[in-house]
Amino acid sequence: MKTMARIALLLGLIVMIALVVREGAQSIASLLSHAGALLLLLVPLHVVPLLLDVMGWRLLIPGRSRIRALFFIASIREAINRLLPVANIGGELVGVHLLTREGISGTAAATSVIVEVLLFLFAQYLFLTLGIACLLNTTGSIRATGALLTAVAGGLPVILLLAWLLRSGLFIRAIERMASRMLSSNGPSSVTNQLARLDTAIRELTSARGRLARTIVWQLAALTGGCSETWLALRWLGHPLSLAGAVALESFTLAARSLIFVAPAGLGVQEAGLIGVGHALGLGSDVAMALSLAKRMREILFGLPALAAWQWTTRAKAR
């Protein structure tokens, strides 16, 4: 997995550099220079969508979890997935570990993260559907969205299948059987018991439909709030876009990064998505690349302090 992640990271960097060169490094630099220090405001602005997302996650955790602690953990989860070559899953594993430090049982912590990720996929699906509607409204062309509508229609059965596998317990039981075979020669193990408890906890949580629905509402609010980053960045770059256009750009970019999750930090994927959808919205490829670099600047400036804090707390706990 590490080798695959490194290869994907290298390929992503190559694609990104090639796109910058092709679209004109000087033109992209000129656009970023036009926006100047205003782009730094994207860093504190990101607190809003992340906090909204945390409010949804909180509903899936038993007891009264501190928002400040969950925000800290969510920042680390996001920073790991966005900045490190972990194929967008390492942050969830670290999130479970950090949540147990807050007094949450390992089963409850893992359950909350697993269900939250599944719900986020569904929220992204709804958000992408909204993005297609916005793209159709902005461009007025059904031809531009026909293939996208087909892709979205094909994605829903996959999400529903994942939900059914978790809700029915088939997925966890399959892992439990694999663990039993692997550990049978080593005598009794607590792994299968832990998986059985996880299965029960997931089924109990997924039966609480009211909590799940409220979590999705919070997640949709977070996704919509994140569009302000795209809308403001484009205004500062000198190429303003309507709110509907910003929703279309943001939704397709996130969908592309989720679909090709093996690409660390979505390198190359984000850029290609912005260029493709940006073209349909009348944005030049150089503008799309400048927007992507502005977004990555925000990810770095927001994520590096979170990673540093994570390392500091980990070392402090080890002493």
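Subtracting the Cα-Cα distance of VAL15 and LEU40 from their residue separation scaled by 0.36 nm leaves 6.4 nm. Surface composition of the range 7-60: carbon and sulfur make up 78 percent of the accessible area, probe 1.4 Å. Could you work out the local net charge near LEU31, counting Lys and Arg as +1, Asp and Glu as -1, over the other residues with Cβ closer than 13 Å to its Cβ? Result for the local shell: -1. When each of the peptides 73-84, 94-105, 25-36, 304-315 is scored by how many other beta carbons lie within 10 Å of its residues on average, the order from highest to lowest is 73-84, 94-105, 25-36, 304-315.
Which parts of the range 39-70 would a label at LEU301 reach, counting a residue when its backbone N lies under 18 Å from a point 7 Å out along Cα-to-Cβ? Zone members listed by number: 39-50. Our coupling estimate for the range 13-26, obtained by passing each phi through the Karplus curve with A = 6.51, B = -1.76, C = 1.60 and θ = phi - 60°, is 5, 4, 4, 5, 5, 4, 5, 4, 5, 5, 7, x, 4, 5 Hz, Gly and Pro reported as x.
First compute the accessible area of the range 205-302 with a 1.4 Å probe, then give the percent of it belonging to carbon and sulfur atoms. Exposed carbon and sulfur together represent 69 percent of the surface.
The values are calculated or read from the model by the stated rules, or taken from the named source; none is laboratory data. Just so it is clear, the model here is predicted, and its values are computed rather than measured. Neighbour counts run over all protein chains shown; Cβ positions are idealised from the backbone, glycine included. Note: areas computed on protein heavy atoms with side chains; ligands, DNA, RNA excluded. Shrake-Rupley method; radii C 1.70, N 1.55, O 1.52, S 1.80 Å.
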